[in-house]
Amino acid sequence: MAMSAKTMVCGIVLHPAGHTRSPAMHNAAFEACGIDAAYLAFDVPPQRLGDAIQGMRGLGLRQLAVSIPHKRAVMEHLDRVDPTAQAIGAVNTVTLAEDGGLEGANTDWIGALRALEQKIEPGGKRAVVLGAGGAARGVVYGLMRAGADVSVLNRTESRAEELANSLGASRFGGLGELAALSPEIIINTTSVGLRSDSSPVAAEAIPADAVVMDAVYEPEQTRLLRDAAERRAQPLEGKWMLVHQAAEQFRLWTGSQPPIAIMAEAFDRADQS
Ligand code: ATR
């Protein structure tokens, strides 16, 4: 699509910038829906984050996505943070409101929930979240909001306890406690498996039929997901969390229905380029 003086510019702020597939997903969605907008990636080191966010106001940029390592730090540069992002403790979406105020929101938790809903309705289900870092908070929040019975397991148990208490999850423990919980849903938010053939839990701890989602998306078929398939559980690739969180941003920013299949295709193609 040709750019003009009317083209809406938006993008993602992260550091380092090289690896994001967000521009591919959003630009494909804009094109498919005939929306005159361009989505760029801005490599912003932590010491420049405040300048970058203030720059939105200066330039009149309506929307910016915020990714690693800025999701927490960005909050101090905003005028308003919505209650959900406040509860999660992270912002991944900044919007310049009509009154000139900078507003923070979070679509990561919706992405996790929508991805999961492709396979299972989480309400009333026993769900286990592996990990207790920043990514875990959004996932736990989403599951709680959907009415799941949530346990948080982490290598460092004290962090699992802190997270479970702060968001009201039922249980916490170490990674070895998975089997005893007979989960119907397992979501890995640890970095274990990222570009390595390892899993945070023993294959034998995965119950047959459980939906097993991995926030790690490189490689697409992580060790955890392959173990899940072998155990006759239902593996769900981490790419769907990213596709659905981007889709929610698209909905928020354009008010249009996101073309999910086109965004997922763009995600796949971005890997090959
Ligand atoms: P993020 O914001 O992406 O969640 P993070 O806050 O650094 O990143 O959290 C990383 C998560 O991966 C933590 O739950 C971490 O466990 P600890 O709290 O015990 O550090 C988990 N993690 C990282 N490496 C791990 C490993 N080798 N084995 C098990 N868990 C690991």
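Summary table below
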{"item": "Theoretical gain in end-to-end length, His15 to Arg62 [0.36 nm per residue, Cα-Cα removed]", "result": "14.8 nm"}
{"item": "Hypothetical label at Ile262: residues of the stretch 1-39 whose amide nitrogen lies under 12 Å (7 Å Cα-Cβ projection)", "result": "1, 25-37"}
{"item": "Net lengthening on full extension, Ser158/Ser196 (0.36 nm per residue, minus Cα-Cα)", "result": "11.1 nm"}
{"item": "Nearest-20 debye value, the chain charge dipole, Cβ charges on Lys, Arg, Asp, Glu", "result": "100 debye"}
{"item": "Order of Thr20, Thr93, Thr222, Thr7 under a 10 Å beta carbon neighbour criterion, fewest first", "result": "Thr7, Thr20, Thr93, Thr222"}
{"item": "Model label zone, Ala32; criterion: amide N under 17 Å from point 7 Å along Cα-to-beta-carbon; scope the stretch 92-118", "result": "111, 114-115, 118"}
{"item": "Hits among lysines - C-alpha to C-alpha of Lys239 under 22 Å, sequence gap 8 or more where chains match", "result": "Lys71, Lys119"}
{"item": "Translational diffusion of the stretch 1-110, µm² s⁻¹ [Kirkwood Rh, Cα pairs; Stokes-Einstein; 10 °C; 1.306 mPa s]", "result": "111 µm²/s"}
{"item": "Nearby aspartates and glutamates by direct alpha-carbon distance to Lys6 (threshold 18 angstrom, same-chain neighbours under 8 apart not counted)", "result": "Glu31, Asp36, Glu98"}
{"item": "Exposure proxy order (Cβ contacts within 10 Å, fewest to most) of Cys10, Cys33", "result": "Cys33, Cys10"}
{"item": "Cα gyration tensor category, rounded, prolate or oblate, for the stretch 109-237 with a/c compared to 1.5", "result": "rounded"}
{"item": "Cα gyration tensor shape of the stretch 185-226, rounded if a/c is under 1.5, else prolate or oblate by comparing a/b with b/c", "result": "prolate"}
{"item": "GNM result for the chain, Cα springs below 10 Å: residue of Ala228, Ala115, Ala208 fluctuating most strongly", "result": "Ala208"}
{"item": "Taking the C-alpha atoms of the chain, convex hull volume expressed per residue in Å³", "result": "127 Å³"}
{"item": "At R0 = 25 Å, FRET efficiency that the Cβ-Cβ distance of Glu230 and Glu117 yields, to 0.05", "result": "0.55"}
{"item": "Cα gyration tensor, the stretch 15-67 - rounded (a/c under 1.5), prolate or oblate", "result": "oblate"}
{"item": "FRET E, pair Ala179, Phe42, Förster distance 35 Å, beta-carbon r, rounded to 0.05", "result": "0.20"}
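A short reminder: the numbers here are calculations on the coordinates, not readings from a lab. For clarity, every value in this text was computed on a predicted model and none was experimentally measured. Every residue, glycine among them, receives a Cβ derived from its backbone with ideal geometry; neighbour counts consider all protein chains shown.
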